[in-house]
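Here the structure is laid out as structure tokens; the discussion comes afterwards.
The values are calculated or read from the model by the stated rules, or taken from the named source; none is laboratory data. Source: prediction; values computed, not measured. Neighbour counts are summed over all protein chains in view; Cβ atoms, including those assigned to glycine, are modelled from backbone coordinates with ideal geometry. Accessible surface areas use protein heavy atoms only, side chains included; no ligands, DNA or RNA. Shrake-Rupley method; radii C 1.70, N 1.55, O 1.52, S 1.80 Å.
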Amino acid sequence: MAGAGAGAGAERKAQLETVQADGADEGCVTFVLHGEDHTLGNSLRYMVMKNPDVEFCGYSITHPSESKINFRIQTRGGIPATEILCKGLNDLSNASKHVLQTFEAQVKEFRLKQGEAME
Amino acid sequence: MYCNTVEKAGGAGKMAAPMRNVDEIRDRVILGEFGVRNVHSTDFPGNYPGYDDTWDLRKFKKNFRLDVFHMDENTLEFDMVGIDAAVANAFRRILLAEVPTMAIEKVFIYNNTSIIQDEILAHRLGLIPIKADPRLFEYRNAGEVDFLLQLKIKCTRNPRASKDSSDPKELYKNHMVYSKDITWVPIGNQADVFADAKIGPVHGDILLAQLRPGQELDIVMHCVKGIGKDHAKFSPVATASYRLLPEITLLQTIEGEKAERLKRCFSPGVIELENIDGRRVAKVVNSRLDTCSREVLRHDDLKSLVKLGRVRDHFIFSVESTGILPPDVLVSEAINVLIAKCQKFLNEIDSTEME
């Protein structure tokens, strides 16, 4: 059984592809994120939609047995969609980092309080 | 921007001033008599005039709150406030399916003369939580192995059993095979590297098979690192879930028999009766305890007096570990998985732009 998402050793395939309709500008792009599902799809869609330069953002799971999502971005004023995707990923990553920091600080504090209560 | 002047309504227990209509749509999920309203997040730029919904990390940091409510070796309950369901749900999904653990992947049965069939036994073995820190191991290709476990046991008669005994516990030795009978077989320098790690089953009291004299099991198991997406046996949690904080608003003063009935519509401890000038007045004491049953909406005279809702960005997480890793480590790992996912695609974009 090959570990899904493990991908170690196997020939590394591109995790990210871009699909563009003929004649469309670089502001209208569908990204194909391999090995992803609602976990990254929905949270990233939320972050991208928070960007005022985005006219449309949505994703779909092409088929339940295909492990990939189509992630569509359409921007206002011809801003490259890749730029928007980068910002979305960075925003999500930074938000997560803050959640992680806060969580670890709070767990530490809780442990301290618990230790005091024990004494 | 006038949006900042309107603070969120809903002081606990008090008769809250009614929320502004727009704020209610944005911040509350409403539990109505015939359905749930305002389910989706709508706080996107351009949706509401006068609101700035552009993503702002500083604003997020200011509003975000996290409180640990309860924590022991295997369970954790905490509140995560000021984050969207999309992100909170990502953490939950990762906890269930993408935080790696170690589990038995291949079972080599050299001898099995018990009545439990090979394939059933192999399946049972696969589901045993294995105590080994997954952060110290690598993902393997098919055929490779992280570490080995062995189960070698034979049932015999107990020579010291009394003649007229019929109790299998007394008559036989090793007639019950438990997970504690599984032993770790170090390969290479593992005996030194994991000297104090105590690799083996988390729980020693899982019954695997029953034997009778002469029957035996001789099994070697290959353990690998994996994730719950691939097989549920790799899932590090028994449950990981969240619910939204319930909010109950009393629109009028409710007293007497009505108050008594109102109290019984909710879970114990949610509504208490207060004595004000000899009248018994209902008061919301702790809406957190409510199960959101909506029973109150079946009483025609009460349903117009209360408003039931849930706070859209207040998540009450509950995480129950299988015992492989402590629950707080699991949550940290889950958040790290999401960060790693973002980083993976950022690197991918960088490398394609370089070409």
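Right, B:L66: in the same structural domain as B:L244 (by TED's automatic domain parsing), open to solvent by less than 20 Å² (accessible area, probe 1.4 Å), part of a helix (DSSP H, G or I) and more than 30 Å from A:F56 (Cβ to Cβ) or not? Can you show your working first?
On the way: in the same structural domain as B:L244 (by TED's automatic domain parsing): yes; open to solvent by less than 20 Å² (accessible area, probe 1.4 Å): yes; part of a helix (DSSP H, G or I): no; more than 30 Å from A:F56 (Cβ to Cβ): yes.
It is false that B:L66 is in the same structural domain as B:L244 (by TED's automatic domain parsing), open to solvent by less than 20 Å² (accessible area, probe 1.4 Å), part of a helix (DSSP H, G or I) and more than 30 Å from A:F56 (Cβ to Cβ).
For every residue, the table says whether it meets (1) open to solvent by less than 50 Å² (accessible area, probe 1.4 Å); (2) small (G, A, S); (3) more than 23 Å from B:H123 (Cα to Cα); (4) assigned to a strand (DSSP E or B).
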{"site": "B:K180", "(1), (2), (3), (4)": "no, no, no, no"}
{"site": "B:L208", "(1), (2), (3), (4)": "yes, no, no, yes"}
{"site": "B:M221", "(1), (2), (3), (4)": "yes, no, no, yes"}
{"site": "B:T239", "(1), (2), (3), (4)": "no, no, no, yes"}
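Which condition from (1) modelled with pLDDT of 95 or more; (2) over 30 Å from B:N38 (Cβ atoms); (3) out of contact with any helix residue (DSSP H, G or I) (no Cβ under 9 Å at 6 or more places or on another chain) is the one that B:Q343 breaks?
The number of the failed condition is (3).
Residue by residue through the range B:71-95, note down the ones that are more than 10 Å from the chain's Cα centre (by Cα), assigned to a strand (DSSP E or B) and facing another protein chain (nearest Cβ under 9 Å).
The answer is B:M71, B:F78, B:M80.
Condition first: surrounded by 14 or more Cβ atoms within 10 Å (Cβ to Cβ) and within 21 Å of B:R310 (Cβ to Cβ). Now tell me which residues in the range B:69-79 satisfy that.
Listed by number, the residues that qualify are B:E77, B:F78, B:D79.
Quick check: anything in the range B:106-119 part of a strand (DSSP E or B), within 12 Å of another protein chain (Cβ to nearest Cβ) and touching a Phe, Trp or Tyr at 6+ places or on another chain (Cβ under 9 Å)? Give the derivation first.
In the first step, residues of the range B:106-119 are kept if they are part of a strand (DSSP E or B); the result is B:106-112.
After this cut, where a residue has to be within 12 Å of another protein chain (Cβ to nearest Cβ) as well, the list is B:106.
Next cut, touching a Phe, Trp or Tyr at 6+ places or on another chain (Cβ under 9 Å) only: none.
Scanning the range B:106-119 turns up no residue that is part of a strand (DSSP E or B), within 12 Å of another protein chain (Cβ to nearest Cβ) and touching a Phe, Trp or Tyr at 6+ places or on another chain (Cβ under 9 Å).
Of all residues being more than 8 Å from chain B (Cβ to nearest Cβ) and open to solvent by less than 90 Å² (accessible area, probe 1.4 Å) in the range A:97-119, which is modelled with the lowest pLDDT? Just the residue, please.
Checked the range A:97-119; the qualifying residue modelled with the lowest pLDDT is A:A117.
Going through B:E348, B:E353 one at a time, which residue ends up being modelled with pLDDT under 95, buried (at least 17 other Cβ atoms within 10 Å of the Cβ) and out of contact with any His (no Cβ under 9 Å at 6 or more places or on another chain)?
Values: B:E353 fails: buried (at least 17 other Cβ atoms within 10 Å of the Cβ).
One residue alone meets the criteria, B:E348.
Looking at A:V19, A:V48, can you tell me which residue is loosely packed, with under 14 Cβ neighbours inside 10 Å and more than 8 Å from every other protein chain (Cβ to nearest Cβ)? I'd like the intermediate steps shown before the answer.
On the way: A:V48 fails: loosely packed, with under 14 Cβ neighbours inside 10 Å.
Just one listed residue meets the conditions, A:V19.
List, please: which pairs have Cβ atoms under 6 Å, are six or more places apart or on different chains, and start with a residue in the range A:1-30 that is of a type in the set (K, R) and modelled with pLDDT under 50 and end with one that is surrounded by fewer than 11 Cβ atoms within 10 Å (Cβ to Cβ) and not in a loop (DSSP other than H, G, I, E, B)?
Going by the 6 Å Cβ cut-off, there are no qualifying pairs.
Looking at the range B:24-63, which of the residues that are surrounded by fewer than 16 Cβ atoms within 10 Å (Cβ to Cβ) and of a type in the set (A, V, I, L, M, F, W, C) is nearest to the other protein chains (Cβ to nearest Cβ)?
B:L57
What are the residues in the range B:304-330 that are open to solvent by 10 Å² or more (accessible area, probe 1.4 Å) and either facing chain A (nearest Cβ under 10 Å) or acidic (D, E) (or both), if any?
Once the filter is applied, which keeps residues that are open to solvent by 10 Å² or more (accessible area, probe 1.4 Å) and either facing chain A (nearest Cβ under 10 Å) or acidic (D, E) (or both), the range B:304-330 yields B:D313, B:E320, B:P326, B:D328, B:V329.
State the number of residues belonging to the range B:136-168 that are open to solvent by less than 90 Å² (accessible area, probe 1.4 Å), of a type outside the set (S, T, N, Q), away from chain A (no Cβ under 14 Å) and closer than 21 Å to B:I199 by Cα.
The number of residues fulfilling the criteria is 5.
Pick from the range A:54-89 the residues that are open to solvent by 50 Å² or more (accessible area, probe 1.4 Å) and at the interface with another protein chain (Cβ under 9 Å from one of its Cβ atoms): which of them is farthest from A:L16 (Cα to Cα)?
Only one residue tops the list, namely A:K87.
Could you check B:I199 against (1) open to solvent by 60 Å² or more (accessible area, probe 1.4 Å); (2) at pLDDT below 95 and say which number it fails?
Only one criterion is unmet by B:I199, namely (1).
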